[in-house]
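What follows draws every value from the coordinates through simple rules; no lab data is involved. Note that the structure is a prediction, hence the values are computed from the model and not measured. Using ideal geometry, Cβ is built from the backbone for each residue, glycine included, and neighbour counts are taken over all protein chains shown.
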Amino acid sequence: MMLDLGVAFGRVFFVMMFVLNLGGLLTWVERKQSAIMQDRIGANRASIFGFRIMGLFHPLADAIKMLTKEDFRPARADRFLFSLAPFVSVFFALVAFASIPFGDTLRIGGREFPLQAVTLNVGILYVFAMLSLGVYGVMMAGWSSGNNYALLGGQRAAALMISAEIAIGASIMGVIMVYGSLNMQDIVRGQGRLLLGWLPAWGIVTQPLAFVLFLTAGIAATKRIPFDMPEGESEIIGYFVEYSGMKFGMFAMADFLETVVIAGMTTALFLGGWQVPWLFADGFHFPWGTTVALPHLAVVVLQVGSFALKVCAMIFVMMLIRWTLPRFRYDQAMRLGWLGLFPLSILNIVLTGAILLLFGGNGS
Amino acid sequence: MRLGQRFYVIEAVQGVLLTAGHFFRNMGAHVARALGSRTARGAVTIQYPEERRPYSPRLRSLHRLVRREDGSPRCVACMMCETVCPARCIYIVATEHPNPEIEKMPERFDIDLGKCVFCGYCVEACPEDAIRMDTGILEFSSYSRRGMIYTKEMLLSLEPVGADGRPTSPVPIPANRTV
């Protein structure tokens, strides 16, 4: 009983800390990575007792600034919804990660625990649903501010969300067809098989088109550049114009958390999740015949580390895209979503179905 | 548009590869610097208060009044600089010099740096080479207008810039400057 409780708490705690800390750290990553990409140094002046540690105190300083700023509410704003909106945004971004597996089963004292905050048979739909619900916070913020520009920003966000989510949903269909499950853990396990005896059957190998479509739509779902026309911080006015202080900070944080969630989903669906190439439950089996036996705990640590590394790499790629491409115009983003991503993902479903039908069903 | 440009993906990937190239090159330089390399530079940033761009020797910085051997100003209060000053920021009150060979000297010599446009005409106009703009001091901002007025004593105390391009004398702070 105590063990159950402890392990359950540990799993939730791990996911919570992973997502929250990574989300908080992303403000620093964003500043530093963009600076290094642009031959700059980046924010490095915040110091405690003269220690600067590469500007790592800036997220802390940001948080203190946000918390101590005036929390202003416009006179015409809807009192309840205006306060609720940022919490809705952050909440759904936070809980979305719960069903993404970060490791295979952990055996303690003859009992098995899946390394996943919540084990759901419809895990992929759950993540998808939570991600979509996040847009309610955005629309709520736009409407309840009592500001027409905020309302328009909220509408742009809703339109972008719908066109992106449809493409996300349609592009993961191919993955579900190949691995034959809606359970994220089963999908990740399915990616541990080897094609031709040496190539890990990761989603990016079996579903390359879906990977590109999912990544594009996923970046659109995070509402960040190049799909930041709900917000458009430098020119157009977004849904959180009327927000200040930590409520504004929560919207900014929700974007970072969504980045983490999209990176986690991409990892789980296309990059093999916690899989390490050629690592099985009892150790490495290299395709050239070498075998390295590993204890159970070492395998679990390798798997969790591999998952964390892949998520960080995905975040790096998403940041790279965010700091490279210019923003799409509203009509361009709509065109891309409805005339580009959506038909291509339907095509992907048809192609996957045809290939599965021709070369043996259910992903083998 | 070429066909390759119409498919946004190819151009986007090229762009991402370009920025990724910058990232990894700069990151390598940063790591090399952290490991002790003196020459590797991962950024073009000059971190201003600690690092400075080398200034030109012709730089017109904060004025100073040149001293004679005995420490009195070389200025003879001829009013040339006050006359030529386009911003009218120099105020001179002349007085008798104790030495009969020198006709006059300034009793007061104030420069209002809040008005000065750093044109250097005063230096050009001076027949005695008594005013120069070679202190190398650039930071003398103040929160008040009064704090921008530099008196004769302050200007006399300044030294020319050192060989390394750094100011040799401290920035004189006006007594009534509110910080």
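A compact table of results
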| read-out | value |
| --- | --- |
| Folded to 0 to 90 degrees: helix A:123-144 orientation relative to chain A principal axis, Cα | 0 |
| Centroid-to-centroid separation of the stretch A:218-272 and the stretch B:114-135 [C-alpha atoms, Å] | 55 |
| Estimated dipole of the stretch A:185-297 in Debye, rounded to 20 [Cβ of Lys and Arg +1, of Asp and Glu -1, Cα centre] | 460 |
| Antiparallel bridge percentage (DSSP; both residues within the stretch B:64-156; nearest 5) | 100 |
| Tilt relative to chain A, helix A:79-95 - C-alpha long axis, 0 to 90 degrees, to 10 | 20 |
| Neighbouring partner chain Cβ atoms per residue of B:15-22, average, 10 Å criterion | 5 |
| Karplus 3J(HN,Hα) series, Hz, for the stretch A:9-20 with 6.51 cos²θ - 1.76 cosθ + 1.60 (x for Gly, Pro) | 4, x, 4, 5, 4, 4, 5, 4, 5, 4, 5, 5 |
| Simple label model, 7 Å out from Cα along Cβ direction - A:Leu347 to A:Asn21, nm | 4.3 |
| Hz values of 3J(HN,Hα) by residue in the stretch A:198-205 - Karplus curve (6.51, -1.76, 1.60), Gly and Pro given as x | 9, 8, x, 7, 5, x, 5, 7 |
| Coil-residue trypsin sites (Lys or Arg not before Pro) of the stretch B:1-38, DSSP, other Cβ within 10 Å capped at 11 | B:Arg2, B:Arg38 |
| Expected 222 nm ellipticity per residue - DSSP helices of 4 or more, -39500 (n - 2.57), all of the protein assembly as shown, to 500 | -16000 deg cm²/dmol |
| Hz values of 3J(HN,Hα) by residue in the stretch B:84-100 - Karplus curve (6.51, -1.76, 1.60), Gly and Pro given as x | 7, 4, x, 8, 6, 9, 9, 10, 10, 10, 8, 8, 6, 8, x, 6, x |
| Chymotrypsin sites (Phe, Trp or Tyr not before Pro) within the stretch A:313-364, DSSP loop, no more than 13 other Cβ atoms inside 10 Å | A:Phe359 |
| Gap separating the Cα centres of the stretch A:298-364 and the stretch A:1-52, nearest whole Å | 24 |
| Loop chymotrypsin sites (Phe, Trp or Tyr not before Pro), the stretch B:107-179 (other Cβ atoms within 10 Å of the site Cβ: 10 or fewer; DSSP) | B:Tyr143 |
| Residue of A:Pro208, A:Pro101, A:Pro86 that the Gaussian network model of chain A assigns the largest fluctuation, springs spanning Cα pairs under 10 Å | A:Pro208 |
| Packing rank of A:346-355, A:145-154, where each peptide gets the mean count of other beta carbons within 10 Å, highest leading | A:145-154, A:346-355 |
| Listed residues B:Val13, B:Val93, B:Val84, most fluctuating in chain B (Gaussian network, C-alpha, under 10 Å) | B:Val13 |
| Exposed GluC sites (Glu not before Pro) absent: longest stretch of chain A, with sites in DSSP loops and at most 12 other Cβ within 10 Å deemed exposed | A:71-232 |
| Inter-label distance, nm, simple model (7 Å from Cα along the C-beta direction), A:Leu125/B:His22 | 4.5 |
| Where labels lie 7 Å past Cα in the beta-carbon direction, separation of B:Val117 and A:Trp198 in nm | 7.6 |
| Under 5 Å, built H, 5+ apart or other chain: amide partners of B:Lys104 | B:His97 |
| Peptide A:37-43, shielding by other chains (average Cβ, 10 Å cutoff) | 6 |
| Peptide-level mean, for A:317-329, of C-beta atoms on other protein chains within 10 Å | 3 |
